[in-house]
Amino acid sequence: MSRPRRPGDPVRWPVPCGRCNQHHEIVVYWPDTGVCGYCYQQAKRSCGRCDCGHEVYSRGELTVVLRADGAPV
């Protein structure tokens, strides 16, 4: 169970998180955006299984990547 979030502080952290859009400390930068510690921990708890059977950790969102022949990777 995750702990409750503190209120964001736009003065201390002027750049909002790219996932929750709240003003918390950015702890990791993914290719598309910066992510706060709360969202990062939530994303680390997200996992799934790919078509070949491997268990993978995702960034918390469903991403479908297709090969050139149209099959999922």
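The values are calculated or read from the model by the stated rules, or taken from the named source; none is laboratory data. Computed from a prediction, not measured in an experiment: that's the story for all the values here. Cβ: placed from backbone, ideal geometry, glycine included. Neighbour counts: every protein chain shown.
Observations on the model:
- Total residues in segment 10-67, condition at pLDDT 90 or above and small (Gly, Ala, Ser): 3
- Close pairs from segment 13-29: first in contact (Cβ under 8 Å) with a residue 40 or more places away in the chain, partner in a loop (DSSP other than H, G, I, E, B) and basic (Lys, Arg), Cβ under 8 Å, at least 6 apart: none
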